[in-house]
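The values are calculated or read from the model by the stated rules, or taken from the named source; none is laboratory data. As the structure is a computational prediction, the values presented were derived from the model and not from experiment. Heads up, the Cβs are rebuilt from the backbone with ideal geometry, glycines too, and the neighbour counts pull from every protein chain shown.
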């Protein structure tokens, strides 16, 4: 997923708390997370989150192509 699309999803989530963007799910993870371990079955995969600034707030977000999910963490 490219940076423009990620930024759009994070903006939409921060302003409207939407949990989907088309086929992509959006999941909130605990605040201040910069890495999230996604578990599907018995397999875990690290999702590295990147910093995004929206309306003066900082969010960390990362995309998993495996589950088509964006994970979002509030940092401020």
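Considering segment 40-49 alone, what residues qualify as being in contact with a strand residue (DSSP E or B) (Cβ under 8 Å, 6 or more places away or on another chain) and exposed (fewer than 12 other Cβ atoms within 10 Å of the Cβ)?
Selection gives 44, 46, 48.
Limited to segment 55-76, what total is found for residues that are closer than 15 Å to residue 13 by Cα and surrounded by 15 or more Cβ atoms within 10 Å (Cβ to Cβ)?
12
Kindly evaluate residue 18 against the criterion of being at pLDDT below 95, surrounded by fewer than 12 Cβ atoms within 10 Å (Cβ to Cβ) and within 14 Å of residue 76 (Cα to Cα).
no
Among the residues of segment 22-31, how many are more than 17 Å from residue 66 (Cβ to Cβ) and surrounded by 11 or more Cβ atoms within 10 Å (Cβ to Cβ)?
Residues that pass the stated criteria total 2.
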